[in-house]
Structure formats: C-alpha cells, structure tokens
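Reviewing the structure listed below.
Nothing in this text is a laboratory measurement; each read-out follows from the coordinates by a stated rule. Everything numeric in this text was worked out from a predicted model, so none of it was measured. Here the Cβ is made from the backbone with ideal geometry for all residues, glycine too, and neighbour counts use every protein chain on show.
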Amino acid sequence: MPSLPNIPAIWQTVLLLSASNVFMTFAWYAHLKQLNDRPWWIAALISWGIALFEYLLQVPANRIGYSELSLAQLKILQEAITLTVFVPFVVFYMQQPLKLDYLWAALCILGAVYFVFRS
C-alpha cells in the first residue's frame, strides 16, 4: 500500500493501526461470545480469516510508520491504539462493565507514550 502524500506518515500509521486493531480485537476475542458453543478449531479458522484483514492493514501501517518513527515508538503507539479499541469492544460488544482499572492501564500506557516520544 503506497503512502498518501497529503496525509502525514504518523496519521496514516495511526489510521491504519486503528483499523487493524478493530480486526485484531474481533479475531482474538469475538469468538468467546459468538462461537462459544463451537469446537475451538472452528473458532481458530474463523479468527484466522478475520486476522488476515488485520495484517493487510497492520503491515503497511508499520512500513509507513517506520519511515518516521522508531521501532519502539511504533510498538508503544500500537499498544495505545489497542487499549483505545479494546475498551469500547469490552463495554459495547462483550457487554462487560467499564472498570476503573482501564483508566489506570490507560495512564500507564500514556506514560509509556510520553517516554518513548519525548526525545
């Protein structure tokens, strides 16, 4: 996937990683709700099919991001995006209660973002 010239690389990376994380979260966890009564291997095959779309977005995101970001910055950015996608997934899709622990986790990740991007 070629980069888009009018959008800064960091924003292309954020957008692609965000979309990738939606697919990743569904591939990893949606089967716990939707396929709980099916054999694990069926859930695995379906999850692999969903994960394909994750990788089709994640690989170009990392290649674009690596043109301007360090590997550590890419990883921490991905973790921050993962939490941002995961919390609404847990609350709205899995219908589990919002916990204060999510806030503490987010603050820890924001600290990681600060430290890895400060220099």
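A compact table of results
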| read-out | value |
| --- | --- |
| In degrees, nearest ten, helix 100-117 long axis to first principal axis of the chain (Cα) | 30 degrees |
| Contour minus Cα-Cα distance for Leu56 and Trp40 (0.36 nm per residue) | 3.3 nm |
| DSSP-loop chymotrypsin sites (Phe, Trp or Tyr not before Pro) across region 1-79, with at most 15 other Cβ within 10 angstrom | Tyr66 |
| Acute angle (nearest 10 degrees) that the helix 71-88 long axis makes with the longest principal axis of the chain, alpha-carbon atoms | 40 degrees |
| Extension gain (nm, one decimal) between Trp11 and Glu68, 0.36 nm per residue minus Cα-Cα | 19.4 nm |
| With Cα atoms, 0 to 90° folded angle of helix 9-25 axis to the chain main axis | 10 degrees |
| Length added when fully stretched, Lys99-Leu32, from 0.36 nm per residue minus Cα-Cα | 22.2 nm |
| Mean Cβ neighbour count within 10 Å, used as a protection proxy, ranking 81-87, 112-118, 96-102 highest first | 81-87, 112-118, 96-102 |
| Qualifying trypsin sites (Lys or Arg not before Pro) for region 1-93 [loop in DSSP, other Cβ within 10 Å: at most 11] | none |
